[in-house]
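Have a look at the structure below before the remarks.
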Amino acid sequence: MSLVAGVNHVAVMTDDLDRFVDFYTGVFALEVVFREDTPAFRHAILRTGPHSWLHPAEVAGNPHGEALPAMFQRGHLDHLALTAASPEAFASLRDRLLARDACDGSVEDLGAFHSLWFEDPDGMRGELTVIVDPELRGIHEPRPLAVLAARLPGDQHRR
């Protein structure tokens, strides 16, 4: 049985967030569940399924906002996020990532989900998430989850 329930989201760089959102809502009828403008960037979250999303981000001056036309040279995918099948699976996967020195074990609370960042052997950043609220209510900026060890069953890396 897989510890992963599927792809959580794909984060894509764009030169024009409004254009991106208009296209995906207009063509695919995706629901915008979150949108935010910060001084550093603009981003949104569009629901693609019951537990999956697109996460476009617009960062002024980012050279990867516009995709190159040649396949395998497009370069504007920021990161891939996977959804753990359960809180227990999240804890087990965290342990496995720590054992491979692929992460530092830090978990962030984003309101609707918890996440941790890892690096794969090719240097790509990845994100592992566990959904706390499938409706994505109360989403907020990342905050350290200070009580991690007490909340994750089987956590072998208490700090």
**OP:** Subtract the Cα-Cα distance of SER52 and VAL132 from 0.36 nm times their separation in residues, and report this length gain in nm to one decimal.
**Re:** 27.4 nm
Original post:
What nm value, rounded to one decimal, do you get for the distance between ASP95 and THR25 when each label is placed 7 Å out toward the C-beta?
Top reply: 4.4 nm
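Set the Förster radius R0 to 25 Å, insert the Cβ-Cβ distance between ASP120 and GLU141 as r into 1/(1 + (r/R0)^6), and round the FRET efficiency to 0.05.
0.50
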**OP:** For the range 3-51, just run the numbers: alpha carbon Rg, then divide by 2.2 N^0.38 Å, N being how many residues it has.
**Re:** 1.24
Original post:
ASN62 to ALA102: FRET efficiency via 1/(1 + (r/R0)^6), r the Cβ-Cβ distance, R0 30 Å, to the nearest 0.05?
Top reply: 0.75
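Fully extended, how many nm does the chain gain between GLU36 and HIS79 (0.36 nm per residue separation, minus their Cα-Cα distance)?
The GLU36-HIS79 span can extend by a further 13.6 nm.
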Original post:
Measuring with a 1.4 Å probe in the full set of protein chains, what accessible area per residue, in whole Å², belongs to the range 1-126?
Top reply: 57 Å²
Original post:
If you look at just the Cα atoms of the range 1-101, how large are its Rg and its Dmax in Å?
Top reply: 15.7, 44
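The values are calculated or read from the model by the stated rules, or taken from the named source; none is laboratory data. Because the structure is predicted, anything quoted here is derived from the model rather than measured. Quick reminder, even Gly has a Cβ in these numbers, built from the backbone with ideal geometry, and neighbours come from all protein chains shown. In case anyone asks, the SASA skips ligands and DNA or RNA and just uses the protein heavy atoms, side chains included. Shrake-Rupley method; radii C 1.70, N 1.55, O 1.52, S 1.80 Å.
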